[in-house]
Amino acid sequence: MSAFANEAAYDLWAESYPPLPHNPLMRAEQEAVLAMCPDVAGRRVLDLACGSGRYGLLLQQRGAALVVGSDLSAGMLTRAPLAHRVRADMLNLPFAAASFDVIVSGLAVGHAPSLDAWMAEAARVLAPGGQLVYSDFHPAAARAGMTRSFTDAAGQRHELLHALHDPDAHLAAAWRAGLVLEASREVCVGRELCEPFTGSEAFYARWNGLAVVLAMRLVKP
């Protein structure tokens, strides 16, 4: 599946994609990311690969002076309830250096074929002293057989292209981009991801203890 296919898939998914976490994994992921998010009051925030704008909306409510949502999918951007929305490739952002004090990115970095390029571009638009808070689907989950997929309104299942980036690869890319790790978390089945849902008993029995999300907070010295 090509990167263009991912973009088309998200455009298709956008019609039914709300600006909030709509399944137990996303709710657990959002809790982990928000727990690491710094105070954004009065600060400039980029919701990178914002999708339907769930993080941008929350950070607006937390008092950010400016929130910009950026995504490659035009369909997703139309769903984002943000005043400032920019259609852009996350590896080639149309922003000046040091434009943002905080960057938040939820479950998007795995769509970048080059982790180094993604990290370098985020570091470029981040101001000195600024923080990058982001999450990724954990490679352990993919290796165990979990996939990134959704079912459209017609009942057709679509699987998304997703690169596997190990935790050590994240740290190495951050170092090369001049960013420093401040905090990291793993969301594991049966621990942070423990919300009951239809079929959850079998799910938790099968995947108990499996890391499904990696969340990190980096700072630009």
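The values are calculated or read from the model by the stated rules, or taken from the named source; none is laboratory data. Quick caveat: nothing in here was measured; it's all calculated off a predicted structure. Every residue, glycine as well, gets a Cβ built from its backbone with ideal geometry; the counts of neighbours run over all protein chains shown. We work out accessible area using only protein heavy atoms, side chains counted, and drop any ligands, DNA or RNA first. Shrake-Rupley method; radii C 1.70, N 1.55, O 1.52, S 1.80 Å.
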### Message
Is it the case, given these coordinates, that Ala117 is among the small types (Gly, Ala, Ser), more than 19 Å from Pro21 (Cα to Cα) and in contact (Cβ under 8 Å) with a residue 24 or more places away in the chain?
### Response
yes
### Message
So, in region 190-221, how many residues would count as being assigned to a strand (DSSP E or B) and either farther than 12 Å from Ala28 by Cβ or open to solvent by 50 Å² or more (accessible area, probe 1.4 Å) (or both)?
### Response
5
### Query
Going by the conditions given, is Glu182 at pLDDT 85 or above, open to solvent by 40 Å² or more (accessible area, probe 1.4 Å) and closer than 18 Å to Ala123 by Cβ?
yes
### Task
Would you tally the residues in region 20-69 being basic (Lys, Arg) and either at positive phi or modelled with pLDDT of 95 or more (or both)?
3
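Among the residues of region 82-106, write down those that are part of a strand (DSSP E or B) and either at positive phi or surrounded by fewer than 16 Cβ atoms within 10 Å (Cβ to Cβ) (or both). Full working, then the answer.
Quick first cut of region 82-106, residues part of a strand (DSSP E or B) only: 84-87, 100-105.
Matches in region 82-106: His84, Val86, Arg87.
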### Task
Check Arg124 against each of (1) in contact (Cβ under 8 Å) with a residue 40 or more places away in the chain; (2) of a type in the set (D, E, K, R); (3) open to solvent by 40 Å² or more (accessible area, probe 1.4 Å) and name the one condition it does not meet.
(1)
### Summary
Taking region 29-50 and keeping residues surrounded by 24 or more Cβ atoms within 10 Å (Cβ to Cβ) and free of Cβ contacts under 8 Å to residues at least 60 places away in the same chain leaves Val45, Asp47, Cys50
### Residue match in region 39-57 (condition: farther than 25 Å from Ala183 by Cβ and assigned to a helix (DSSP H, G or I))
no
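What about Val187, is it open to solvent by less than 30 Å² (accessible area, probe 1.4 Å), within 19 Å of Pro21 (Cβ to Cβ) and modelled with pLDDT of 95 or more?
For Val187, the condition - open to solvent by less than 30 Å² (accessible area, probe 1.4 Å), within 19 Å of Pro21 (Cβ to Cβ) and modelled with pLDDT of 95 or more - is met.
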### Message
Scan region 67-81 and tell me whether some residue there is of a type in the set (Asp, Glu), buried (at least 20 other Cβ atoms within 10 Å of the Cβ), more than 15 Å from the chain's Cα centre (by Cα) and in a strand (DSSP E or B).
### Response
no
## Note on the structure
Of the residues in region 22-63 that are small (Gly, Ala, Ser) and over 18 Å from Arg217 (Cα atoms), the one that is nearest to the chain's Cα centre (by Cα) is Gly51
### Task
Scan region 117-174 for residues that are of a type in the set (A, V, I, L, M, F, W, C), modelled with pLDDT of 80 or more and assigned to a loop (DSSP other than H, G, I, E, B) and jot them down.
Met146, Ala163, Leu164
